[in-house]
Amino acid sequence: MRRVRGTRRLAASTLASALAVAVLTGCATSHRVRGADKAGGSDAPLVLRLGDVDTQDDPNTTWMLEYFGNQVAKLSGGKLRIRVIYDAAGHERPDVEAQVARKVRDGSFDLGWIGAAAWDELGATSFQALHAPFLVTDDVLLDRVATGPLAGSMLSGLRDAGVQGLAVVPESLRNPVGLRQPLVSLGSFRGTRLIVTPSRATDAALRALGATPVHRLGKADLDVMSRGQADGRLESLVSYLGPDIVTGNVSIFPALHTLFANPASLRALTDAERAALERAAARMLVHVVAQRPSAQDAIDQFCSTGRSASATGGGRVVLASRAELAALVRATRPVYSELERDPRTKSLISKIQALKRSLPPAPALRVPRGCSVPPESGPTGGTAPQATSKLDGTYRWVMTKADAIRFGAPPDVDTVGNVSTTTLRDGKWQNGEGPAAIEGTYAVTGNRIAFSWPSENSVLIFTFSRDRDGTLHLTPTPSVERGDRGVWSSEPWRRIGPPVREIP
């Protein structure tokens, strides 16, 4: 791990250029510029830059944007290309989605992709109806709203923020996830600190339940949780849920994405190009609705993989009782009075309620057998913080050329072939020796280990297993960037002995 300090994202400059080529090969490097090809006969493709708040490793949205980009190229006959700029506003501030929206409005990006909940922070209230608590609570209703005329009404409201909406795209339902205790009743919500995307509607709902919203900080969320400054989060059911406690039938809001454009960028297109872009957005919506996992699918997947071995501290799913759910709904009713002060929001809430009444009742969520039982406590079990001394030792591993290629780095990147030696001792870690050494702290919860890295203002979270000989196998959570995955977890950590160094 010699290059770890300078290898945030695995030699950031080197990896970034490598990934950019992978995302968009053979296209113009500057957006919204047309130019003749080398033969001088035909124009090069017009490249539109799309800002996305997520990282390229995020499995929940990259497949959607890749499909959109492919459709744009196909429907425009190759005249348009989409270049996705991932992590477009960084990840160390709570307003990353608002920052991306502003960059689109100001012309830094041609297109943007952010969560629907964030728009009320930018003065566009047309999506607030979607975040009326416990209104959209099943997948059928979510898809009908996203694909019907209500979506068009909501997208038209983005003009208030200076952009033009193209599509509102459903991801999943958004449920509470407790780090240490289940969130099923008013009493369990009261006094908790829950991480959420900044949104006035979301904040109001959490406060009505007695919780305190903690605004999402991207990777810094992990640091907040590892230091005990949050008790849980509201999370899309298709996101990484980890060894935590998911309340399966308390869907407070849906999780949706918005695709939108800079008006001047749209005007610069020909009629045919603009039509191709709009048709590609419509096709993406249809594709996502057909392919995205349902809430039941997500729970089944979580229970089969998130708890691959319950004795190693996998998460669990709990259900609120009918009385508990009714109490939660009643507690949030005052939020409706606040939201309905806006006439457009009031009208949209009424229309969603009417659509909901017209649909058959959603089937009750089923929790797979054994998934609601707390994991057995043991050497790595449970969800409470565990002693770190059981992992004390000196470990070595080598990143190979094949590892570098697998994680998107050039095969000659200077971490290849280096022997990484790391010491874990009493909750502290150190890599290397002397002035070049780097260090931090770590915490173990169940089968999850969180490495705090102060010099990089970062927390890297992995799940782990341990062989009889002490070898550690780290599996990165989706929040770990691709380069860090390669450096930290591409090979097993072989335990070569006890910790022989004192760590400051």
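The values are calculated or read from the model by the stated rules, or taken from the named source; none is laboratory data. In this text, all values refer to a predicted model and were calculated from it rather than measured experimentally. With ideal geometry, Cβ positions are generated from the backbone for all residues, glycine too; neighbour counts draw on all protein chains shown. We work out accessible area using only protein heavy atoms, side chains counted, and drop any ligands, DNA or RNA first. Shrake-Rupley method; radii C 1.70, N 1.55, O 1.52, S 1.80 Å.
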Practice problem: Filter segment 268-302 down to residues that are of a type in the set (Lys, Arg) and either open to solvent by 80 Å² or more (accessible area, probe 1.4 Å) or in contact with a Lys or Arg (Cβ under 9 Å, 6 or more places away or on another chain) (or both) and give me whichever is nearest to Gln164 (Cα to Cα). | Solution: Arg274
Exercise. Scan segment 414-432 for residues that are touching a helix residue (DSSP H, G or I) at 6+ places or on another chain (Cβ under 7 Å) and open to solvent by 50 Å² or more (accessible area, probe 1.4 Å) and jot them down.
Key: Asp426
Quiz item: Counting only residues that are open to solvent by 10 Å² or more (accessible area, probe 1.4 Å), at pLDDT below 95 and aliphatic (A, V, I, L, M), how many does segment 101-148 have?
Solution: 2
Exercise. Give the residue, chosen from Arg495, Arg468, Arg501, that is in a loop (DSSP other than H, G, I, E, B), surrounded by fewer than 20 Cβ atoms within 10 Å (Cβ to Cβ), touching a strand residue (DSSP E or B) at 6+ places or on another chain (Cβ under 8 Å) and of a type outside the set (Phe, Trp, Tyr).
Key: Arg501
Quiz item: Does segment 357-367 contain any residue that is modelled with pLDDT of 75 or more and not in a loop (DSSP other than H, G, I, E, B)?
Solution: yes
Quiz item: Taking segment 324-345 as the region of interest, how many residues are over 25 Å from Val184 (Cα atoms) and touching a residue at least 12 places away in the same chain (Cβ under 8 Å)?
Solution: 3
Exercise. Consider Thr212 carefully, then state whether it is touching a helix residue (DSSP H, G or I) at 6+ places or on another chain (Cβ under 8 Å), modelled with pLDDT of 90 or more, closer than 25 Å to Gly90 by Cβ and open to solvent by 10 Å² or more (accessible area, probe 1.4 Å).
Key: yes
Quiz prompt | Subset of segment 124-140 [outside any loop (DSSP other than H, G, I, E, B) and under 18 Å from Lys346 (Cα atoms)] | solution = Gln128, Ala129, Leu130, His131
Quiz item: What residue, among those in segment 177-207 that are polar (S, T, N, Q) and without any contact (Cβ under 8 Å) to a residue 60 or more places away in the chain, is surrounded by the most Cβ atoms within 10 Å (Cβ to Cβ)?
Solution: Ser188
Quiz item: Of all residues in segment 71-100, which are among the polar types (S, T, N, Q), at pLDDT 95 or above and over 20 Å from Val288 (Cα atoms)?
Solution: Ser76
Quiz item: Taking segment 433-455 as the region of interest, how many residues are open to solvent by 10 Å² or more (accessible area, probe 1.4 Å), part of a strand (DSSP E or B) and over 19 Å from Pro504 (Cα atoms)?
Solution: 2
Practice problem: Might you check whether a residue that is at pLDDT 85 or above, within 15 Å of the chain's Cα centre (by Cα) and open to solvent by less than 20 Å² (accessible area, probe 1.4 Å) occurs anywhere in segment 28-48? | Solution: no
Quiz item: Just a yes or no: is a residue in segment 238-245 at pLDDT 60 or above and in a strand (DSSP E or B)?
Solution: yes
